[in-house]
1. With respect to B:N143, is the statement that it is surrounded by fewer than 20 Cβ atoms within 10 Å (Cβ to Cβ), touching a Gly at 6+ places or on another chain (Cβ under 9 Å) and either without any contact (Cβ under 8 Å) to a residue 12 or more places away in the chain or part of a loop (DSSP other than H, G, I, E, B) (or both) true?
2. Within segment B:128-162, work out how many residues are within 21 Å of the chain's Cα centre (by Cα), farther than 24 Å from B:H10 by Cβ and among the polar types (S, T, N, Q).
3. Take the conditions over 30 Å from B:L231 (Cβ atoms), in contact with a strand residue (DSSP E or B) (Cβ under 8 Å, 6 or more places away or on another chain) and not in a helix (DSSP H, G or I) and apply them to A:V48. Does it pass?
4. Please determine whether any residue of segment A:21-44 is within 14 Å of chain B (Cβ to nearest Cβ), in a loop (DSSP other than H, G, I, E, B) and crowded, with 16+ Cβ neighbours inside 10 Å.
5. Need pairs with beta-carbon distance below 7 Å; first residue in contact (Cβ under 8 Å) with a residue 60 or more places away in the chain and surrounded by fewer than 17 Cβ atoms within 10 Å (Cβ to Cβ) and within segment B:239-254, second of a type in the set (G, A, S) and not in a strand (DSSP E or B); sequence gap 6+ or separate chains.
6. Which residues, counting only those in segment B:311-342, are hydrophobic (A, V, I, L, M, F, W, C) and within 14 Å of another protein chain (Cβ to nearest Cβ)?
7. So which strands (runs of 3 or more DSSP E) are wholly in segment A:66-113 and hold at least 1 residues that are farther than 21 Å from A:P6 by Cβ and touching a residue at least 40 places away in the same chain (Cβ under 8 Å)?
8. Being of a type outside the set (A, V, I, L, M), touching a residue at least 12 places away in the same chain (Cβ under 8 Å) and assigned to a loop (DSSP other than H, G, I, E, B) is the filter here, so list the residues in segment B:152-171 that pass it.
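Laboratory data are not the source of any read-out in this text; all were calculated from the coordinates shown. Owing to the predicted nature of the structure, the values given are computational and were not obtained by experimental measurement. When we count neighbours, we look across all protein chains shown, and the Cβ atoms used for this are built from the backbone with ideal geometry, even at glycine.
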Amino acid sequence: MASQIPNNLKYTKDHEWALIEGDVVTVGITDFAQSQLGDVVFVELPEVGTALGKGDSFGVVESIKSVSDLYSPVAGEVIEKNDDLEASPENCNESPYESWMIKVKLTGQEGIDELLSPEDYAGACEE
Amino acid sequence: MTDLLKTGLHAEHLALNAKMAPFAGFDMPLQYSSVKEEIIAVRENVGVFDVSHMGEFFVEGEEAVKFIDYMLTNDFAGAEVAKAVYSPLCRENGTIIDDLIAYKLENNKVLICVNAANIEKDYSWFEKHVTDFNCTLSNHSNNYQLLALQGPKSEAILKECGVYPEGDFVYYSAKEFQSPLGTVILARTGYTGEDGFEIFGNLELIQALWKKFMELGVTPCGLAARDVLRLEVAYPLYGHELSDDWTPLDAALAWTVKKDKEVFIGKEFLEDYKPKYRLIKLSLEKGIPREGFEVLDSNHEIIGKITSGTMSVTLGKGVGLALIEKAKFPKDKVFKIQVRKNIIDAEFHTKAFVSGGHK
């Protein structure tokens, strides 16, 4: 079954989505990612104020049997994290595009141009 | 890469859309629907695992029981006919070659079931010693398929299939008999802590039985669920809690080392051995202990490592087994686990995380 890839978002090859609103980028994992992971049972997110470089690991998402790193697609400072996911990690499976993980305030444009369009990401999922 | 081996049910796994993964040289089903649902099925209802990758050896002849009793640390001679015995298989220096179940089918016929990854290592160890006994050893790992039917409803399912022996068949019973589907070796054993059975048979029988189980609504379960289920009841897994580098006495298996037996391989060493390690059970309220994570005491000194860890679906928290240096075992029983950048308080358990329902 083809996974959902909303048109209003950008994507990474690591199966994260990014919503760009001015200089704030919201990051989560895609429908494809959650279906590959299976039941998500734990999410670990960084403290607000953490400075992230592009490609830095900012946390983990764990299924019953596996641990996967989350990588920041952009450079910036964490200004908000989704505490609801700590209590309800299964939301990542049920509604991956509502289950945002962090909001990052950009400190530069690094990484922005490398984000994939929905079409390119659909291609990446088929590889 | 060498080609992966396939069990006799490989096509069935693919037809069920299982997520497959290499395990001990075999292409094995990791999960079918969801690991969580498979675990719940086994704890509350009934599930079936294809574990045909495991090895089967037969020992036959007048001294079959004497030979196996000599090879194992646990008491096999004392077991009744039609009983199974779990035991480590040790070297003279006490280190663990494998852990296995030996089934006393008759006084002159024993089935041994070993871990898939250790088939060759175990077989050559048995082969080396069998020459001193009046019995024969044969490797039938390719002739037998093996299903584990596990969960509170497994007895009812087997009876519905007509694959159930006459008379009492309590926990750890084992019997070879004729069923409507053919000759079967049935044992009331398993690796989940629940009531359940392991069924050894040829390809036709096992394929027919699998089909019946599917028709009866038994949940097919993969190796991921199997690992969580065994960890919840704190059963050890070779390569994690047990290894070539330490003894059963280091790994909470003192109950399987019968030092008062007259003779067995490893007896002299194990009689005087003071364990270096202690295997313990820890859980976390928040976070999941994973293999390799360091275990610390209240002073944050490293005292051991997690050997297996997972999210317990039944408890809803992270659980793990840890091998602790015995000399550093904290008297205050305060344990912490280094989870990536954080040091988190762990709860020390003296009993298994989940008490299975086996009879």
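1. Criteria not met by B:N143.
2. Of the residues in segment B:128-162, 0 are within 21 Å of the chain's Cα centre (by Cα), farther than 24 Å from B:H10 by Cβ and among the polar types (S, T, N, Q).
3. On the way: over 30 Å from B:L231 (Cβ atoms): yes; in contact with a strand residue (DSSP E or B) (Cβ under 8 Å, 6 or more places away or on another chain): yes; not in a helix (DSSP H, G or I): yes.
In short, yes.
4. Kept after step one, since they are within 14 Å of chain B (Cβ to nearest Cβ), are these residues of segment A:21-44: A:34-44.
After this cut, where a residue has to be in a loop (DSSP other than H, G, I, E, B) as well, the list is A:38-39.
Checking which are crowded, with 16+ Cβ neighbours inside 10 Å leaves us with A:38-39.
Yes, segment A:21-44 contains at least one residue that is within 14 Å of chain B (Cβ to nearest Cβ), in a loop (DSSP other than H, G, I, E, B) and crowded, with 16+ Cβ neighbours inside 10 Å.
5. Once the first residue is in contact (Cβ under 8 Å) with a residue 60 or more places away in the chain and surrounded by fewer than 17 Cβ atoms within 10 Å (Cβ to Cβ) and sits in segment B:239-254, its partners that are of a type in the set (G, A, S) and not in a strand (DSSP E or B) give B:G239/B:A117.
6. Taking segment B:311-342 first, the residues hydrophobic (A, V, I, L, M, F, W, C) are B:311, B:313, B:315, B:319, B:321-324, B:327, B:329, B:334-335, B:337, B:339.
Answer for segment B:311-342, where residues must be hydrophobic (A, V, I, L, M, F, W, C) and within 14 Å of another protein chain (Cβ to nearest Cβ): B:M311, B:V313, B:L315, B:V319, B:I337, B:V339.
7. Values: elements: A:67-71, A:76-81, A:102-106.
The qualifying strands (runs of 3 or more DSSP E) are A:76-81, A:102-106.
8. Pass one, segment B:152-171, residues of a type outside the set (A, V, I, L, M): B:152-155, B:159-162, B:164-169, B:171.
This time we only want the ones that are touching a residue at least 12 places away in the same chain (Cβ under 8 Å), so: B:152-155, B:160-162, B:164-165, B:169, B:171.
Selection gives B:P152, B:K153, B:G162, B:Y164, B:P165, B:F169, B:Y171.
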